[in-house]
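Each reported figure results from applying straightforward, stated rules to the coordinates on display, with no laboratory input. Remember, predicted model here, so these are calculated numbers, not experimental data. Here Cβ is always computed from backbone atoms with ideal geometry, including for glycine, and neighbour counts include all displayed protein chains.
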Amino acid sequence: IAPGVNIIAGWTGKVGPSGLPDDSRHVEFNIISGTSMSCPHLSGLAALVKSAHPEWSPAAIRSALMTTAYTTYKNGETIQDIATGMPSTPFDYGAGHVTPVAAFDPGLVYNATVEDYLDFLCALNYSSNLIKAVTKQDFTCKLDKKYSVGDLNYPSFAVHLQTASGKSGSNSTPTIVKYTRTLTNVGTPAAYKVSVSSETQYVKIVVEPETLVFSKSNEKKNYTVTFSTTSMLSGTTSFARLEWSGGKYTIGSPIAFSWT
């Protein structure tokens, strides 16, 4: 789970374990938490998956780690947020608790190419100079092409929804957001059925098609998710989960809604 919590790590002897100026203790190791603490663990797991699948791209490896992660205990209850004692959310655990063995054989992956990331930079309104600084290559965004950050073939969904303005602060006109994703078969042939679970009844989620059939390795299939909702109070957040299940595989994706 990222960020890492209570990770044993090497520690400089120049600073006490508390980091306070008057802490004169000297230790070789300390227990610390944060995104930097999860990074070496997840990087090591990514290297492990890469050793098993040297032909996979970084995006495919990330997808395998994310979509096979679990978010509940064996009894079915959601992983607890130890800070609050309440059930955690994707804002706490991201895609979930990584399962290295399952990541070796994820069934399907959300892959992405260099061109996909270039389009993503265009969606962020990067200039040609900024893109070259990042990629070390010349690339110009097309003026006649509509770019969207939501088009990146990522294994999760961040759905930004607008809060209606006006005297009442509400609007019966639905907001519609669509995302298209591409899945690549890296497992055995199987037919996959989609399922969606959501903690809110105010967002209608429709996946088309509802079934994807893969008959050969590296076969690609597209699907579209449509989110429809009416206005909610600004600052409202909610969560859902989308899963493709087929054969021995389950490919899960967290969904986060936010209204602003």
(request) May I ask you to derive the FRET efficiency for Lys136 and Glu115 from their Cβ-Cβ distance with R0 = 22 Å, giving the value to the nearest 0.05? (result) 0.90
(request) For region 34-49, just list the computed ³J(HN,Hα) in residue order, Karplus coefficients 6.51, -1.76 and 1.60, θ = phi - 60°, integers in Hz, with x standing in for Gly and Pro. (result) x, 4, 5, 6, 7, 4, x, 5, 5, 5, x, 5, 5, 5, 5, 5
(request) Hand me the chymotrypsin sites (Phe, Trp or Tyr not before Pro) from region 60-119 located in a DSSP loop with no more than 12 other Cβ atoms within 10 Å, in residue order please. (result) Tyr73
(request) May I ask you to compute the full-extension gain from Leu48 to Ser127, defined as 0.36 nm times their residue separation minus their alpha-carbon distance, rounded to one decimal in nm? (result) 24.8 nm
(request) Obtain the nm distance between the two label points defined at Asp144 and Ser217 by a simple spin-label model: each point lies 7 Å from its Cα along the Cα-to-C-beta direction. (result) 4.0
(request) Sort by residue number and report every cysteine in the chain with no other cysteine beta carbon within a distance under 4.7 Å. (result) Cys39
(request) Pop a pseudo-label 7 angstrom from the Cα along the beta-carbon direction at both His26 and Met86 and give the gap in nm to one decimal. (result) 4.6
(message) Apply the Karplus curve 6.51 cos²θ - 1.76 cosθ + 1.60, θ = phi - 60°, to the phi angles in region 119-130 and return the couplings in whole Hz, x for Gly and Pro.
(response) 4, 5, 5, 5, 5, 8, 6, 5, 7, 4, 5, 5
(request) Count neighbours as other Cβ atoms within 10 Å of each site's Cβ, and list the trypsin sites (Lys or Arg not before Pro) in region 124-212 that are DSSP loop with at most 10 such neighbours. (result) Lys136, Lys142, Lys145, Lys146, Lys167
(message) Could you work out how much longer the chain between Ala2 and Val101 gets when fully extended? Use 0.36 nm per residue separation minus the Cα distance between them, nm to one decimal.
(response) 33.8 nm
(request) Only Cα pairs under 8 Å and at least 6 apart count here; give the relative contact order of region 166-254 as a rounded whole percent. (result) 39
(request) Search the structure for amide H atoms under 5 Å from the amide H of Tyr192, placed 1.01 Å from N in the peptide plane, and list their residues when 5 or more places away or on another chain. (result) Leu212, Val213, Phe214
(message) If each residue of separation counts as 0.36 nm, what is the full-extension length gain between Thr237 and Tyr202 once their alpha-carbon separation is subtracted?
(response) 11.5 nm
(message) Give the lysines reachable from Lys178 as a straight Cα distance under 21 Å; neighbours fewer than 8 places away on the same chain don't count.
(response) Lys145, Lys146, Lys193, Lys204, Lys220, Lys221
(message) Please compute the contact order of the chain in relative form: average sequence separation of alpha-carbon pairs under 8 Å and at least six residues apart, divided by the residue count, as a percent.
(response) 17
(request) Convert each backbone phi in region 93-106 into a coupling constant with the Karplus relation 6.51 cos²θ - 1.76 cosθ + 1.60 (shift: θ = phi - 60°), then list the ³J(HN,Hα) values in order as whole Hz, x for Gly and Pro. (result) 9, x, 7, x, 8, 5, 10, x, 5, 5, 5, 5, 9, x
(message) Helix 58-67 against the longest principal axis of the chain: what's the angle in degrees, Cα atoms only, rounded to the nearest 10?
(response) 90
(message) Ignoring GluC sites (Glu not before Pro) that are buried or in helix or strand per DSSP, and keeping those with at most 14 other beta carbon atoms within 10 Å, what is the longest stretch of the chain between them?
(response) 78-198
(request) List every residue whose amide H lies under 5 Å from the amide H of Thr200, counting only residues 5 or more places away in sequence or on a different chain, with H placed 1.01 Å from N in the peptide plane. (result) Phe239
